[in-house]
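The values are calculated or read from the model by the stated rules, or taken from the named source; none is laboratory data. The structure displayed is predicted, hence computed values, not measured ones. With ideal geometry, Cβ positions are generated from the backbone for all residues, glycine too; neighbour counts draw on all protein chains shown.
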Amino acid sequence: MSKNKKIAIVILNWNGVKLFPDYLPSVIEHSKGENIEVIVADNGSTDHSLEFLAANYPEVTLLDLKENYGFAKGYNVALNQIEADYFVLLNSDVKVEENWIQPCIDQFEQDEKVVAVQPKILSFNEPELFEYAGAAGGFIDKFGYPFCRGRILDHVEKDENLYDKPGEIFWASGACMFVRAEALKNSGGLDADFWAHMEEIDLCWRWKNQGFKIVYEPRSVVYHLGGGSLEYGNPKKVYLNFRNNLYMLFKNLPKKKFLPIFLTRMILDGVAAAKFLLGAEFKAFGAVAKAHRDFYKNLSALRKKRKELLKLASVNNHKQIYPKSIMWKFFVQKKHNFAELNFKPE
């Protein structure tokens with residue numbers, strides 16, 4: 001383990017008391033060291049999480065945030081109270097393996113430009129498969145739609161050791177994300193207006209625009225249950241994903257690229273809404289409409305953020321942005337595996 005470098009593993013919890021017995025013991029077992037601290041920051045739980053942890057896991061540091069701030073602000077409030085060189089943002093439904101920490105720390109220490117590292121994320125229930133939230137590293141296409149090595153849209157691949165080489169990615173999953181503490185605090189942290197979903201992609205994009213690197217490290221392996229807070233397909237999740245994706249595009253796209261991409265996204269989101277409607281998914285359809293309404297409602301605040309971020313941006317082109325449409329590849333050309341894209345993000 002890195003000498004004299006403090007590592008804080010921070011689990012943001014909200015009513016996750018049922019998850020602790022299956023996941024927390026592995027974190028405690030495989031995160032031992034005098035400079036490593038396991039912290040549970042509680043986001044205003046009402047299920048007696050803090051009492052359960054105090055009684056059953058006394059080695060874990062407890063941080064009571066008193067109220068539910070959501071994922072983004074909850075982490076900001078917690079991390080502002082913690083002193084460390086490296087933070088590990090870890091979901092409460094993640095099981096870890098032996099030696100999951102050091103390979104990721106090595107990436108930071110080999111290159112000072114590296115500000116975030118993601119391990120290989122496999123499914124807890126089906127460990128032969130990658131897990132939806134991160135898989136083998138995150139990317140976006142030219143229109144801002146996120147996908148991963150090992151997971152395109154809702155298609156998840158088997159881990160057949162195709163993605164066992166470390167390298168640069170566009171975004172690291174918030175399910176398990178190692179970050180350089182100084183860089184996180186200098187960036188202002190996660191955008192609290194996102195509440196939850198895509199805030200880690202927004203953060204990584206801001207960093208990428210400033211010339212920093214996000215890296216995937218396959219020697220570190222974790223297992224994620226997924227859907228622990230909001231189930232996939234939940235209308236609130238649909239709303240947050242669509243709204244936050246628009247927030248992210250508006251904040252981070254360079255001036256010359258913004259308008260054509262944004263206009264195309266209006267059309268593509270309309271198609272997605274129509275698909276929900278035709279499938280009788282009326283709540284999801286309403287969620288897309290609400291997401292667009294709230295995006296326009298918040299344009300004034302977004303313009304201020306965009307203006308500040310454009311001043312900091314020094315890099316406008318990224319090899320880790322797929323230069324084509326992932327929707328076209330997936331639905332029209334039936335390319336469901338990452339290797340079929342012939343995308344070389346290095």
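Things worth noting here:
- Only one entry of E83, E109, E98, E128 meets the criterion of being in contact with a helix residue (DSSP H, G or I) (Cβ under 9 Å, 6 or more places away or on another chain), more than 26 Å from G44 (Cα to Cα) and in contact (Cβ under 8 Å) with a residue 12 or more places away in the chain, and that entry is E98.
- Filtered by the rule that a residue be surrounded by fewer than 15 Cβ atoms within 10 Å (Cβ to Cβ) and touching a helix residue (DSSP H, G or I) at 6+ places or on another chain (Cβ under 7 Å), the range 278-288 gives a lone residue, K283.
- For first residues located in the range 207-218 and farther than 13 Å from P345 by Cα, partners that are at pLDDT below 95 and surrounded by 22 or more Cβ atoms within 10 Å (Cβ to Cβ) and lie 6+ apart or on another chain with Cβ distances below 7 Å do not occur.
- Only one of the listed residues (S26, S92, S31) is under 21 Å from P119 (Cβ atoms) and either outside any loop (DSSP other than H, G, I, E, B) or outside the structural domain of L184 (by TED's automatic domain parsing) (or both). That residue is S26.
- Residues that are more than 14 Å from Q210 (Cβ to Cβ) and charged (D, E, K, R), drawn from the range 299-324: R303, K304, K305, R306, K307, K319, K324
- Residues (at pLDDT 95 or above and either on the phi > 0 side of the Ramachandran plot or part of a loop (DSSP other than H, G, I, E, B) (or both)) located in the range 316-341: H318, K319, Q320, P323, K324, S325, Q333, K334, K335, H336, N337
- A single entry from A78, A54 fulfils the requirement of being assigned by TED's automatic domain parsing to the domain that holds M177, buried (at least 20 other Cβ atoms within 10 Å of the Cβ) and out of contact with any Gly (no Cβ under 8 Å at 6 or more places or on another chain): A78.
- Strands (runs of 3 or more DSSP E) completely within the range 143-193 that count 3 or more residues being on the phi > 0 side of the Ramachandran plot and touching a residue at least 12 places away in the same chain (Cβ under 8 Å): none
- Condition met for E83 (assigned to a strand (DSSP E or B) and either at pLDDT 95 or above or within 23 Å of the chain's Cα centre (by Cα) (or both)): no
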